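Structure first, commentary second.
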């Protein structure tokens, strides 16, 4: 997706405002469509995921969720790369993940449970005080985002594994409950991440020339 | 993996624990040569090096950050002493062990019942990535320290007096 303004400016810094705005927009859209999916699932009642007799609106919303998730992930990962590159370039020393690994850790099994959080926390701190970033106090937003994100992903994963192994009525009931819980917790996870992206974007924009 | 340098003096040390040849610091605060302060947190340091890191120690400190470990791997004092020890060696061995055990597990399960255990594959991938990071970290830390060997000689040169 062309964001237009994530080009390098001045001292080689990326202007995050365009990518950040797109990322926030897609994260909010993701939160909205997850809330819609939960609402439809609760209104449709048990069996809403059934292939033959399930809810058609739910199936359409699920497709929308997938599309927005993929688009949102691409833009967010681009933003993460640029935000991490910026804190390296404004003089923060001793940072853990490189810009590439700030993105790459999301794809490494097991490590994806913690390392992306470490990378985001460092980006947050170094955006505030690059020279002495380790003493900067982190924000509770990060902890809450990561808690909801992990919980949502784990419940979704369990639901997926259960569904692919067993399709009895009893198991499908668990699958549907877990899916609703996963979607419901994805709402605050997305909104919190949108807030984090917004604050870091604003914080980093002060280092741009002319700001 | 990244390495960095701090030129300055240790002002304050807060050690968490020291055992098994490794010291873990909650924080170390430096007064840098340019007058500013910098604090590093959660630092892992080998005991040999930790013995030299006392409040008031002054010179050049060499830091690394790799995977989920940060630490100090080298120190050159203003009086000419030089210390080097990378503290991540145990983790490298741990990743080799983790990789070997999980590779054996995956092969065993494939041969016995034809199933690929996803957890085994995930842990094997983690072990490979972790090993690459730790061994690359050790190499880069050593290279950084060795390439800066001129530091001690430079500070021992008598200052040119004006006039």
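Residues in region B:103-141 that are surrounded by fewer than 19 Cβ atoms within 10 Å (Cβ to Cβ), under 24 Å from the mean Cα position of the chain (by Cα) and away from chain A (no Cβ under 14 Å): 2 in all. Taking (1) under 22 Å from residue A:153 (Cα atoms); (2) part of a helix (DSSP H, G or I); (3) at pLDDT below 90 in turn, residue A:49 satisfies each apart from (2). Selection within region A:48-70: residues that are over 15 Å from the mean Cα position of the chain (by Cα) and touching a residue at least 40 places away in the same chain (Cβ under 8 Å). The member of this set that is nearest to the other protein chains (Cβ to nearest Cβ) is A:49.
State the number of residues belonging to region A:105-143 that are touching a helix residue (DSSP H, G or I) at 6+ places or on another chain (Cβ under 6 Å), within 12 Å of chain B (Cβ to nearest Cβ) and in contact (Cβ under 8 Å) with a residue 40 or more places away in the chain. Residues in region A:105-143 being touching a helix residue (DSSP H, G or I) at 6+ places or on another chain (Cβ under 6 Å), within 12 Å of chain B (Cβ to nearest Cβ) and in contact (Cβ under 8 Å) with a residue 40 or more places away in the chain: 1 in total.
Of the residues A:26, A:36, A:60, the single one that is assigned to a helix (DSSP H, G or I) and exposed (fewer than 15 other Cβ atoms within 10 Å of the Cβ) is A:60.
Among residues of region A:12-27 that are under 21 Å from residue A:186 (Cβ atoms), those with a Cβ under 7 angstrom from a residue that is surrounded by 18 or more Cβ atoms within 10 Å (Cβ to Cβ) and at pLDDT below 95, sequence gap 6+ or separate chain, pair up as A:22/A:3.
Remark: residue B:9 falls outside the filter, which requires a residue to be surrounded by 14 or more Cβ atoms within 10 Å (Cβ to Cβ) and within 14 Å of another protein chain (Cβ to nearest Cβ).
Could you go through region A:71-81 and let me know if any residue there is touching a helix residue (DSSP H, G or I) at 6+ places or on another chain (Cβ under 8 Å) and without any contact (Cβ under 8 Å) to a residue 12 or more places away in the chain.
Pass one, region A:71-81, residues touching a helix residue (DSSP H, G or I) at 6+ places or on another chain (Cβ under 8 Å): A:71-72, A:75-81.
Within this subset, residues satisfying the condition of being without any contact (Cβ under 8 Å) to a residue 12 or more places away in the chain are none.
No, there is no match, as no residue in region A:71-81 is touching a helix residue (DSSP H, G or I) at 6+ places or on another chain (Cβ under 8 Å) and without any contact (Cβ under 8 Å) to a residue 12 or more places away in the chain.
Within region B:91-102, is there a residue that is touching a strand residue (DSSP E or B) at 6+ places or on another chain (Cβ under 9 Å) and either buried (at least 16 other Cβ atoms within 10 Å of the Cβ) or closer than 30 Å to residue B:150 by Cβ (or both)? Yes, that holds for at least one residue.
Can you find a residue that is out of contact with any strand residue (DSSP E or B) (no Cβ under 8 Å at 6 or more places or on another chain), surrounded by fewer than 21 Cβ atoms within 10 Å (Cβ to Cβ) and more than 14 Å from chain A (Cβ to nearest Cβ) anywhere in region B:15-34?
Narrowing region B:15-34 to residues out of contact with any strand residue (DSSP E or B) (no Cβ under 8 Å at 6 or more places or on another chain): B:19-20, B:34.
From what's left, surrounded by fewer than 21 Cβ atoms within 10 Å (Cβ to Cβ): B:19-20, B:34.
Subsequent filtering for residues that are more than 14 Å from chain A (Cβ to nearest Cβ) retains B:19-20.
The answer is yes; a qualifying residue exists.
Does region B:52-66 contain at least one residue that is free of Cβ contacts under 8 Å to residues at least 24 places away in the same chain and either away from every other protein chain (no Cβ under 14 Å) or buried (at least 16 other Cβ atoms within 10 Å of the Cβ) (or both)? No, because not a single residue in region B:52-66 is free of Cβ contacts under 8 Å to residues at least 24 places away in the same chain and either away from every other protein chain (no Cβ under 14 Å) or buried (at least 16 other Cβ atoms within 10 Å of the Cβ) (or both).
Hey, can you tell me all the residues within region A:192-211 that are under 12 Å from the mean Cα position of the chain (by Cα) and crowded, with 19+ Cβ neighbours inside 10 Å? Explain how you work it out, then say what you get.
So in region A:192-211, the residues under 12 Å from the mean Cα position of the chain (by Cα) come out as A:192-197.
Hits for region A:192-211 are A:192, A:193, A:194, A:196, A:197.
The values are calculated or read from the model by the stated rules, or taken from the named source; none is laboratory data. Everything numeric here is computed off the predicted structure, so don't read it as measured data. Note that we place each Cβ from the backbone using ideal geometry, even for glycine, and neighbour counts take in every protein chain shown.
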